[in-house]
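What follows is a short report on a single structure.
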Amino acid sequence: MKLVFGLLFSLLIATSAFAKDVLFINGGSPTGTNSVYAREIINQLQELKFSVDLKTTNSNCALAKNLWDFSDKPTIFVMGSNDGTGQRNNAVCFIEATRQNLLYWLNTSPMSFCSAGSKTWFDFVKPGSSHTVITMPNDSQEKFIHDLAKSFDAKVKTIRVYGYNDALTMVKAGDVDFVFRVGIHVTSEFKDKCFWNHAEIDSTFPNMQKSRLDYMKFGEQMFLISKGFSQLEIQSLRLQIRNTIRSSEEIKKLVLRRGQTVYDWNSVEEHDKIVEKFFETY
Amino acid sequence: MDLTIATIIGIFAGILVGLLPGFGMSTCLLLFSPILISQSLVFCIMFYCVASSTSQYFGSITTLALKIPGETTSLPLLELMKDQRIQNRIGDVYFLTSFGSFSASLISAVLILISFEYLSSITTYLKTYAIFACSLIGFILCILFSENKIFVSLLLFIFGWIVGKIGYDISTNENFLTFDNVYLYGGIPTLPIIMGIYAIPGLFKMFSYVRSVEKQNIEIYLTERKSVLILKNWKTMVVSSFVGFIMGLIPYIGNGMSSYTSYLLDKKTNKNDAISNAVASETANNSANLSVLIPLLFLGIAIIPSEYLLLEILPLGNKAFSFSLMQPYLLSMFILLMISNVVSFYFSWNCVRPFIRMISSFNNTIPLVIILTIVSCVGYIGGEYQQFQYYMIVLLASSIFGLLFRNFDLLPFAYAFMLQNNFEQILYRLLKLYF
């Protein structure tokens, strides 16, 4: 099977070895996580003789969407479910990932519930207790924390904070008791102070399963969508991106630092299963 | 050796940031990021500290010589340039603002060094209520003590607030005056606004200025001995250093308002001394520029945009911020920072004359050179974000606004515009936490 796959890979590389203009959109900042993936993937594409034009919109998601909508050449867009383009309630920016345009699921980061100071999980669940929790500016995440506290007869105030630095300032100031955010479980400030993450809600809080459709989507998915490529080119691109993720030291470091999960695959069938899993959590 | 190289590159970068209108620390970090990514943590921090500190010395030269803001913290000095007393004693102002910047750096650095054991445990200044109180006081001072009548300042403040609010707020998921325009959706960019309302109108004044410079044969002289000038202003320098130090600690708002708060406080005590007011403003911003590093160095928190960017760049080279990694180098960093301040002070003071001479030799072409530099900087940054035309339109519109209102004090507009978003966030958090 591996031999067949290897032959197919070589064939695809050979067939794609022609100059082609590609637009690569990074809706984030020029120095953020998206930019690392963009840079590494573009390096690989250039080796495949693609001529890549990277456009970074510095978090103006409407502009990123505009570039995507009106691009008439082969286009790749690196996006995350917490970016403006990934948020369903953001009518101006949202771009729907579909089975047709999903090029690659890059990684997922868990959303963790951690202590911001000296309070423990037992303090949170104590009936009649009162707490302040930082959440992302997301209605369903905020509602989940309220429902969870209510199930323990605890009172909670939620504060929506978008930037990690702003959240950290409030934590260092001692303004809040808990933080519910993506990727914080590996940071030095919260390491060993996290109690559970969104993927563990099923088993940890069986009584919260009525909100399952919401909390399954709490993690941050980072993925690529594309348009204007032939099926053959898409297969070739997927293989190249997979190899980039496997071999790039920069990406390995980033994955470790952000506590991300990367889904590797060895066959088209395995990739299809990963795509199915993506849409369960998207 | 690493630290020495960082210091040398930092001085060079700081000179660029100070002298080039619109080339702020954030742009500088973007430009130097390919170098910084491959360097150690202490190298990056040293580079940032030195560049940020050096930029303040040379930013004053741009403001005084060209009448355009080298940095946003130079805006009060720019307002003071309208005062004839400043124009008549420009040599004294050059010297005193440079010396004030130097003394502020020295005082702040010593304060940090002697209290660093306690700094990591003191976090009261990060409390939401403390940030709210300081920003509210700053805004009230800004309206009450500007050069305009109070209702004019209030109107300008409200207008600045509205302009700053334009865009999509990701926290509330609401649009404000975007009219479905993709560019407005990202908000009105700060750089073209500040350049438009200050730099372009300033160029008109420069035409007459370069002619007068030619007539006067560019004499930048001191009216009194240096020691006498320092003795007359030492109190202002010390007080402003402390005011700037405290303001710099206030997240989001403090650094931007440090020079203005100090300027307003000095105006209350030294009402008719424009020179003292200028010294207060330029001393405080240097002091704040160092104290703003305290949350970054001791707690790993960024409280101004360029620090956010630095904290984004560090992980790209797989460097996590850690105070324990920095601690063994603190004394060396302090010494090198002081050396860089001495070098900056010496060169900024000594390059004033050649700089003015260069302006006069170009005579009427210098405003053209400046306008091209501004447009290039604004266009380059806009182009980097795929918004070249948008940045140009904003520059044009704000230039017209700046020209129409050139006889007003536009600081209430500028501060409301720049700090609106942060203040609204703080207000939201305050209400959620305490009510």
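The values are calculated or read from the model by the stated rules, or taken from the named source; none is laboratory data. It should be emphasised that the depicted structure is a prediction, and the values quoted were computed from it without experimental measurement. A quick note on method: Cβ atoms are made from the backbone with ideal geometry, for glycine too, and the neighbour counts reach across all protein chains shown.
Points worth noting:
- Scanning the stretch B:161-178 for residues that are more than 9 Å from chain A (Cβ to nearest Cβ), farther than 12 Å from B:Asn421 by Cβ and either at pLDDT below 95 or in contact with a Gly (Cβ under 8 Å, 6 or more places away or on another chain) (or both) gives B:Glu174, B:Leu177.
- The residues of the stretch A:124-137 that are of a type outside the set (Val, Ile, Thr) and more than 9 Å from chain B (Cβ to nearest Cβ), listed by number, are A:Phe124, A:Lys126, A:Pro127, A:Gly128, A:Ser129, A:Ser130, A:His131, A:Met136.
- Candidate set: the stretch A:177-198, residues that are assigned to a loop (DSSP other than H, G, I, E, B) and more than 9 Å from chain B (Cβ to nearest Cβ); chosen: the one nearest to A:Lys217 (Cα to Cα): A:Gly183
- Subset tally (residues that are within 8 Å of another protein chain (Cβ to nearest Cβ) and within 23 Å of the chain's Cα centre (by Cα)) for the stretch A:164-176: 3
- Residues within the stretch A:53-65 that are within 7 Å of another protein chain (Cβ to nearest Cβ) and either of a type in the set (D, E, K, R) or closer than 16 Å to A:Gly228 by Cα (or both), tallied: 1
This table checks each residue for (1) more than 14 Å from chain A (Cβ to nearest Cβ); (2) of a type in the set (S, T, N, Q); (3) over 29 Å from B:Ile303 (Cβ atoms).
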| residue | (1), (2), (3) |
| --- | --- |
| B:Ser227 | yes, yes, yes |
| B:Lys232 | yes, no, yes |
| B:Ser241 | yes, yes, no |
| B:Ile246 | yes, no, no |
| B:Gly256 | yes, no, no |
| B:Ser259 | yes, yes, no |
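- Only residues that are surrounded by 23 or more Cβ atoms within 10 Å (Cβ to Cβ) and closer than 24 Å to B:Gly59 by Cα were counted across the stretch B:104-128, and they come to 3.
- Filter result (buried (at least 24 other Cβ atoms within 10 Å of the Cβ), within 14 Å of another protein chain (Cβ to nearest Cβ) and of a type in the set (Val, Ile, Thr)) within the stretch B:261-296: B:Val292
- Residues (in a loop (DSSP other than H, G, I, E, B) and more than 9 Å from chain B (Cβ to nearest Cβ)) located in the stretch A:26-44: A:Gly27, A:Gly28
- Whichever residue in the stretch B:384-395 is assigned to a helix (DSSP H, G or I) and closer than 20 Å to A:Leu67 by Cα and, among such residues, is nearest to the other protein chains (Cβ to nearest Cβ): B:Glu384
- Residues (closer than 30 Å to A:Phe113 by Cβ and more than 16 Å from the chain's Cα centre (by Cα)) located in the stretch A:215-249: none
- 3 or more residues closer than 28 Å to A:His198 by Cα and among the polar types (S, T, N, Q): qualifying strands (runs of 3 or more DSSP E) within the stretch A:45-156: A:102-109, A:130-135
Rundown of residues vs (1) within 14 Å of chain A (Cβ to nearest Cβ); (2) modelled with pLDDT under 80; (3) part of a loop (DSSP other than H, G, I, E, B); (4) touching a helix residue (DSSP H, G or I) at 6+ places or on another chain (Cβ under 6 Å), yes/no style:
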position	(1), (2), (3), (4)
B:Ser324	yes, yes, no, no
B:Leu330	no, no, no, no
B:Leu336	no, no, no, yes
B:Phe345	no, no, no, yes
B:Arg357	no, yes, no, no
B:Leu368	no, yes, no, no
B:Ser376	no, no, no, no
B:Gly379	no, no, no, yes
B:Gly382	yes, no, no, yes
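- Between A:Ala116, A:Ala154, A:Ala149, the distinction of being over 19 Å from the mean Cα position of the chain (by Cα), away from chain B (no Cβ under 11 Å) and closer than 30 Å to B:Glu307 by Cβ belongs to A:Ala116 only.
- Residue in the stretch B:401-420 that is free of Cβ contacts under 8 Å to residues at least 60 places away in the same chain, in a helix (DSSP H, G or I) and surrounded by fewer than 22 Cβ atoms within 10 Å (Cβ to Cβ) present: yes
- Filtering B:Ile122, B:Ile112 for residues that are assigned to a loop (DSSP other than H, G, I, E, B) and more than 28 Å from B:Asn270 (Cα to Cα) leaves a single hit, B:Ile122.
- Residue count, the stretch A:237-271 (criterion: outside any helix (DSSP H, G or I) and of a type in the set (A, V, I, L, M)): 1
- Those residues of the stretch A:124-154 which are of a type in the set (Lys, Arg) and more than 27 Å from A:Asn89 (Cα to Cα), in sequence order: A:Lys126
- One residue alone among B:Ile393, B:Ile370 is of a type outside the set (Ser, Thr, Tyr) and in contact (Cβ under 8 Å) with a residue 24 or more places away in the chain, and that residue is B:Ile370.
- Set B:Ala133, B:Ala104: member being within 14 Å of another protein chain (Cβ to nearest Cβ), small (Gly, Ala, Ser), within 20 Å of B:Gly248 (Cβ to Cβ) and part of a helix (DSSP H, G or I): B:Ala133
- Candidate set from the stretch B:47-99 (those that are charged (D, E, K, R) and under 18 Å from B:Leu229 (Cα atoms)); member that is surrounded by the most Cβ atoms within 10 Å (Cβ to Cβ): B:Asp92
- The stretch A:197-225: number of residues that are under 30 Å from A:Leu45 (Cβ atoms) and either among the hydrophobic types (A, V, I, L, M, F, W, C) or crowded, with 21+ Cβ neighbours inside 10 Å (or both): 6
- Residues in the stretch A:178-199 that are of a type in the set (D, E, K, R) and either within 22 Å of B:Leu119 (Cα to Cα) or at pLDDT below 90 (or both): A:Glu189, A:Lys191, A:Asp192.
- Helices (runs of 4 or more DSSP H) lying entirely in the stretch B:179-293 (those with 2 or more residues that are hydrophobic (A, V, I, L, M, F, W, C) and at pLDDT below 85): B:190-194, B:200-215
- Annotation note: Cβ proximity below 7 Å between a residue of the stretch A:64-82 that is basic (Lys, Arg) and a residue that is outside any strand (DSSP E or B) (sequence gap 6+ or interchain) occurs for A:Lys65/A:Thr85; A:Lys65/A:Cys93; A:Lys65/A:Ile95; A:Lys73/A:Gly228.
- When B:Leu404, B:Leu410 are screened for being modelled with pLDDT of 90 or more, away from every other protein chain (no Cβ under 12 Å) and under 17 Å from B:Leu155 (Cβ atoms), only B:Leu404 passes.
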